[in-house]
Amino acid sequence: MSQELEQGGLHITIGSTPQVAEIGQSSKIVFENDLRMVKAALLYANHATLCSVTSSALLELVAMQDIPREKRVSYIKEMVSWMGDDEAARLLTGMMALFEQSNDPMWAKFLEDTLADGWNTVREHVNNFLRDGGGEGILRAIESGLLEVHHFDAALRRAVQETERRNFIIEYVAVVGASMSNAHTYPLFDEDTSEIISAGIQAGLISAPDSAVARGKEVRLATDLLARLPLFPQATIKETLDIRRELESHLKRFQSAIIKFSEAIKTASWDKDFAHDADRVLRRDVEPAIQNIEEEVKANKFIRKLLRKFVDKPMAVPVGSALALAMSNLPLSGIALLAAGGIVGGGSALHDAHEEWSEKMREVQQNNLFFYYRTKNLLADRKYDYVSDKE
């Protein structure tokens, strides 16, 4: 396997609408919705495509920081025109005219320095936006090679301009709606997108074949269950990828269980009642199974402790004997091997107990929900803990 997870296999198309957080008297765009769905998708699938106006605009903002110096004035003019601020546009046009007509080197340098300072301020705002809004996580997922973000042309401009929004929404619905008829991807929609898709199906504008319904139920159930895990919201993309990498060998059994659970759900993933059906699956099938695993692991840990006590217990070996001298130089593992071989009294029983412990652990790990159980524990233990996705 390469540095990141292998591509191929199950692919998810994520439809996520813009989310705005109210902070005091102001509001700002956040990536919480995108991140939640991306993290769950990358735990369950091999690859994902994120259809998000917010994340598409994010990539434009990131690329904007690298615009060559000679093109920055034109870009600023264009951005001001999007805002519809006539006063700002007038001031900017006047300043640029002075800059272009002036023959005074000092004036020209002043304007260039002012533009450079302004551009650095823009960069600082973009970086703060990435950090505070969660955009760093989206960039990290893209860098992993496991996530693609669908490119919407001129996402920044069209998100800002009122006259563009209707056409923008139509394009978004067309993109996510196309995943319904694509047999090579599994559709995963947030609540707002689900409402739009459901309305489109009822109006006969969007086709929902049975295969799309089945694919949608599977990934929606899986990602809903994963997103309910304690500490899942706090997990970074890097932590998510590390957990997925560690549990890769257990994923197929988890997918098999999810398929069976989803087949019992009657509602489509974009229906408003799906969340209630998923909750019933959690309480009826998942939580009891996880409780059984936890009890088996706890009982097996008790057996393990008994084994340790048996091995650690001082044995009645004559002082100064050849066996005592040899054992005094052996590590714990060596003494255990002697015991298992029958040289020390009770070795056969110790060997049988160790075999029983090993067999129980294999049985636990072969449980179809071991992936879910272990993901929960890794998140709780913070084994792969990162302050942020920028590290």
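All of the numbers you see were taken from the coordinates with simple rules; none came from a lab. Everything numeric in this text was worked out from a predicted model, so none of it was measured. Reconstructed Cβ throughout: ideal geometry from the backbone, glycine too, with neighbour counts over all protein chains shown.
Extending 7 Å from Cα along the Cβ direction at E359 and again at S211 yields two label points whose distance is 4.4 nm. Annotation: average projected area of region 112-154 is 4.3 square nanometres, based on the convex hull of Cα atoms across all directions.
Using a Förster radius of 51 Å, what is the FRET efficiency between D104 and A183 based on their Cβ-Cβ separation? Nearest 0.05, please. Intermediate values should be presented prior to the final figure.
On the way: r = 66 Å, r/R0 = 1.30.
Approximately 0.15, to the nearest 0.05.
Between amide H atoms placed 1.01 Å from N, distances below 5 Å from T13 occur with T49, Y186, L188, all of them 5 or more places distant or on a separate chain. Diffusion coefficient of region 160-249 by Stokes-Einstein, Kirkwood radius over Cα pairs, 4 °C, 1.567 mPa s: 84 µm²/s.
Couplings 3J(HN,Hα) of region 287-296, computed from phi: 4, x, 5, 5, 4, 5, 4, 4, 5, 5 Hz, in residue order, whole Hz [Karplus 6.51 cos²θ - 1.76 cosθ + 1.60, θ = phi - 60°; x for Gly and Pro]. Sorting the segments 117-130, 177-190 by their residues' average number of neighbouring beta-carbon atoms within 10 angstrom, most packed first, yields 177-190, 117-130. In terms of other Cβ atoms within 10 Å, H151, H11 run from fewest to most in the order H151, H11.
In order along region 148-161, phi translates into HN-Hα couplings of 10, 10, 4, 8, 9, 4, 6, 4, 4, 5, 6, 6, 7, 7 Hz, rounded to whole numbers, per the Karplus curve 6.51 cos²θ - 1.76 cosθ + 1.60 with θ = phi - 60° and x for Gly and Pro.
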